[in-house]
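> The following block contains the structure, expressed as structure tokens.
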Amino acid sequence: MRIDKYLWCVRFFKTRSLATKAVKKGAVKIAGETVKPSRDIYPTDVLEVRKEQINYKIEVLDLPPSRVGAKLVDIYKKDLTPKEEFEKNELLTYAKDYYRKKGTGRPTKKDRRDLEDFTDTTED
């Protein structure tokens, strides 16, 4: 089975075209090598997939005949992703949330003045 079709069948990507694009960009590796979307995979292969800044490690247990339901996904793949990868992503979200909350709109004049006062390095 093609690698892009497998990733779509086990619901790792929402559409097959998204899976194909990810493989073409080099986000999917087998044994440390980037692969093409047409590369065949077999049971016991270990895939490294980079998605949403997390490096997932997936072991292929079996090949599904077609796209499977969410409850049946664990029959065809085993997730070997270490917990540290998810912790890195959590720290990244804290790093982004440093100034303004999302959805609060443009900075006001008061916000701009406060920021200028904070970053003002000229000495009087």
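The values are calculated or read from the model by the stated rules, or taken from the named source; none is laboratory data. Just so we're clear, the structure is a prediction, and the values are computed from it rather than from any experiment. Cβ: placed from backbone, ideal geometry, glycine included. Neighbour counts: every protein chain shown.
> Has the stretch 63-77 got any residue that is of a type in the set (A, V, I, L, M, F, W, C), under 13 Å from the mean Cα position of the chain (by Cα) and modelled with pLDDT of 90 or more? First the steps, then the outcome.
Step one: of the stretch 63-77, the residues of a type in the set (A, V, I, L, M, F, W, C) are 63, 68, 70, 72-73, 75.
After this cut, where a residue has to be under 13 Å from the mean Cα position of the chain (by Cα) as well, the list is none.
Within the stretch 63-77, not a single residue is of a type in the set (A, V, I, L, M, F, W, C), under 13 Å from the mean Cα position of the chain (by Cα) and modelled with pLDDT of 90 or more.
> What pairs come out if I take residues in the stretch 53-78 that are touching a residue at least 60 places away in the same chain (Cβ under 8 Å) and pair them with residues that are charged (D, E, K, R) whose C-beta lies under 9 Å away, six or more apart or interchain?
73/11; 76/62; 77/59; 77/62
> State whether the residues of the stretch 28-43 include one that is among the basic types (Lys, Arg) and on the phi > 0 side of the Ramachandran plot. Give the derivation first.
Filtering the stretch 28-43 down to residues among the basic types (Lys, Arg) leaves 29, 36, 39.
Subsequent filtering for residues that are on the phi > 0 side of the Ramachandran plot retains none.
Checked against the condition, which is being among the basic types (Lys, Arg) and on the phi > 0 side of the Ramachandran plot, the stretch 28-43 yields no hits at all.
> Further question: Across the stretch 8-31, what is the total count of residues that are buried (at least 21 other Cβ atoms within 10 Å of the Cβ) and under 13 Å from the mean Cα position of the chain (by Cα)?
The total comes to 3.
> Filtering the stretch 48-62 down to residues that are at pLDDT 90 or above and of a type in the set (A, V, I, L, M), which residue is farthest from residue 4 (Cα to Cα)?
Across the stretch 48-62, the extreme among qualifying residues is 61.
> Within the set of pairs 6+ apart or on separate chains, which have a first residue in the stretch 26-47 that is without any contact (Cβ under 8 Å) to a residue 12 or more places away in the chain, a second that is assigned to a strand (DSSP E or B) and crowded, with 16+ Cβ neighbours inside 10 Å, and C-beta atoms under 8 Å apart?
As it stands, the answer is 34/28, since those pairs meet every condition given.
> Checking residue 107 against (1) farther than 18 Å from residue 50 by Cβ; (2) at pLDDT 85 or above; (3) in a loop (DSSP other than H, G, I, E, B): exactly one of these is not met. Which one?
Condition (2) is where residue 107 drops out.
> Would you please name the residue that is farthest from residue 3 (Cα to Cα), looking only at residues in the stretch 14-31 that are assigned to a helix (DSSP H, G or I) and among the hydroxyl-bearing types (Ser, Thr, Tyr)?
Filtering the stretch 14-31 down to residues assigned to a helix (DSSP H, G or I) leaves 16-24.
Of the ones still in play, those that are also among the hydroxyl-bearing types (Ser, Thr, Tyr) are 17, 20.
Details: 17: 12, 20: 8 Å.
Among those residues, the one meeting the criterion is 17.
> Another question, then. For the stretch 32-61, which positions are surrounded by 12 or more Cβ atoms within 10 Å (Cβ to Cβ) and in a loop (DSSP other than H, G, I, E, B)?
Correct list: 35, 36, 37, 39, 41, 45, 61.
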